[in-house]
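> Here's a structure for you.
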Amino acid sequence: MNTKINLQDRARGMLVGLAIGDALGAPVEFLNSDIIAGEMRKIQKMHDTLRFPKGVWTDDTSMALCLADSLLNCGGYDSYDVMDKYVGWYDNGDWSYFNSGYGAGLQTQLALDSYKTNQELTDDQKTDSAGNGVIMRLAPAIIATANKPNLRLASISARDTHYSVTAEAVAEMFAATLYAALSGEDKEHIFAALNADFTLPEYRKVYEQAKPLFDRANNPKSDLLKDLGGYCIDTLTIALWGLKQFDRPFYGMLGVISLGGDTDTNAAVYGQLAGAYYGYNALPEDWRKNLYKESEIVRIADKLLNMGQCPILRTRQLN
Ligand SMILES: [Mg+2]
């Protein structure tokens with residue numbers, strides 16, 4: 001247990017780490033890992049192109065900041081307000097550098113389009129889609145409940161866009177690892193936290209089935225993790241691999257991005273975990289300095305941590 005890094009430093013690290021990972025990985029999203037290998041010097045300096053000015057982030061950070069905005073405004077989790085905020089980003093580019101919801105995943109688009117015509121979440125919206133969108137944006141919910149961990153809030157937040165047992169279960173698993181990192185637990189305990197106190201028995205079944213996949217994180221060789229899609233179990237495994245195999249966020253971030261695949265979201269998920277584990281001050285200063293709206297992100301992390309409590313206020317469907 002490391003008690004030298006304080007909770008505020010870890011909370012700031014979690015949210016800023018998310019945005020840094022997103023910004024570093026976005027310009028090379030879904031490029032093949034062989035091509036990315038030749039881009040590492042540019043990635044390390046944060047790309048500066050017409051499409052991606054230095055430090056600009058995408059849907060991962062935008063949706064996280066929408067969630068943060070809603071939690072702070074409502075004093076807890078209100079599914080309807082959260083969805084309204086996501087729609088504001090998707091349609092108008094709220095909480096974004098871009099003027100509409102840049103980078104939105106397919107399932108998220110379907111959920112937001114459906115919400116615009118029917119605000120209730122009905123069983124016909126159940127899906128097998130278990131994309132990493134549910135874990136890329138989780139940090140604000142964890143920081144706001146740092147003093148009173150609430151796994152149900154994580155799975156409910158997943159359900160709002162991915163009404164899927166797998167997606168909800170993995171949101172609880174990632175939440176449990178983030179709480180462990182915030183508490184200063186060591187890497188072994190953070191990994192073990194995947195086996196969470198799940199709120200539904202079917203979530204445990206997902207964990208049991210996914211366990212051999214998570215074990216790929218223990219292998220220093222990265223071949224099995226290269227050029228994967230946006231499946232939430234793969235992304236979480238890559239984030240854990242980054243945490244286990246590297247001892248500084250600088251190398252972990254570049255290592256995760258070098259795997260190719262969904263680079264911005266993989267790095268945003270790793271960034272949350274690494275930011276909480278190593279703390280804000282361990283994130284390279286150059287990356288922090290160049291990050292779009294960095295000081296605002298820090299302020300938001302502080303406000304979330306100061307909420308004190310963050311109950312589930314309203315859900316669109318709860319069972
Ligand atoms: Mg993205």
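> If I model the range 151-302 as equal point scatterers sitting on the Cα atoms and use the Debye formula, what is log10 I(q)/I(0) at q = 0.13, 0.19 Å⁻¹?
Debye curve over Cα of the range 151-302, log10 I(q)/I(0) at q = 0.13, 0.19 Å⁻¹: -0.58, -1.23.
> Sort D34, D186, D22, D81 by Cβ crowding within 10 Å, fewest neighbours at the top. All intermediate terms of the calculation are to be shown ahead of the outcome.
Working: D34 10, D186 13, D22 30, D81 19.
Result, fewest neighbours first: D34, D186, D81, D22.
> Right, another one. Tell me the net charge near V165. Cut-off is 12 Å between Cβ atoms, V165 excluded, with +1 for each Lys or Arg and -1 for each Asp or Glu. Mind showing how you got there, number by number?
On the way: positive: K126, R159, R204, K205; negative: D128, E168, E172, E202.
Here the count lands on 0.
> Debye calculation, C-alpha points only, no solvent: report log10 I(q)/I(0) for the range 170-230 at q = 0.16, 0.20, 0.25, 0.28 Å⁻¹, in the same order as the q values.
-0.58, -0.86, -1.11, -1.17
> If each residue's Cβ is checked for other Cβ atoms within 10 Å, how do E39, E168 rank with the fewest at the top? The partial results should precede the final answer.
Details: E39 15, E168 28.
Taking fewest neighbouring Cβ atoms as first place, the list is E39, E168.
> Still on this structure: Which order do D302, D160, D124 fall in if you start with the one that has the fewest other Cβ atoms within 10 Å?
Values: D302 14, D160 23, D124 8.
Sorted ascending by nearby Cβ count, the order is D124, D302, D160.
> Hey, with R₀ at 25 Å, roughly what FRET efficiency would K116 and R314 work out to, going by the Cβ-Cβ distance, to 0.05? Each step should come with its number before you reach the end.
Values: r = 18 Å, r/R0 = 0.73.
With R0 = 25 Å, the Cβ-Cβ based efficiency is 0.85.
> How big is the convex hull of the Cα atoms of the range 7-118, per residue, in Å³? All intermediate terms of the calculation are to be shown ahead of the outcome.
Numbers: hull volume 13.2 nm³, N = 112.
In the range 7-118, the Cα convex hull volume per residue is 118 Å³.
> Can I ask one more? Can you give me the convex hull volume of the Cα atoms of the chain, divided per residue and expressed in Å³?
On the way: hull volume 35.4 nm³, N = 319.
Spelled out: Cα convex hull of the chain, divided by residues, is 111 Å³.
> Rounded to the nearest 20 debye, what is the charge dipole size of the range 1-133 about its Cα centre when +1 sits on each Lys and Arg Cβ and -1 on each Asp and Glu Cβ?
Values: 11 positive and 19 negative charges, 172 e Å.
Using Cβ point charges on Lys, Arg, Asp and Glu, the range 1-133 gives about 820 debye.
> Between exposed trypsin sites (Lys or Arg not before Pro) in the chain, where DSSP calls loop and at most 11 other Cβ atoms lie within 10 Å, what's the longest gap? Intermediate results must be reported in sequence, preceding the final value.
On the way: sites that count: K4, R51, K221.
Between exposed loop sites, the widest span is 52-220.
Quick note: the coordinates plus some simple rules give every number you see, no bench work behind them. For clarity, every value in this text was computed on a predicted model and none was experimentally measured. Because the Cβ atoms are built from the backbone with ideal geometry, glycine has one as well, and the counts that use them run over all protein chains shown.
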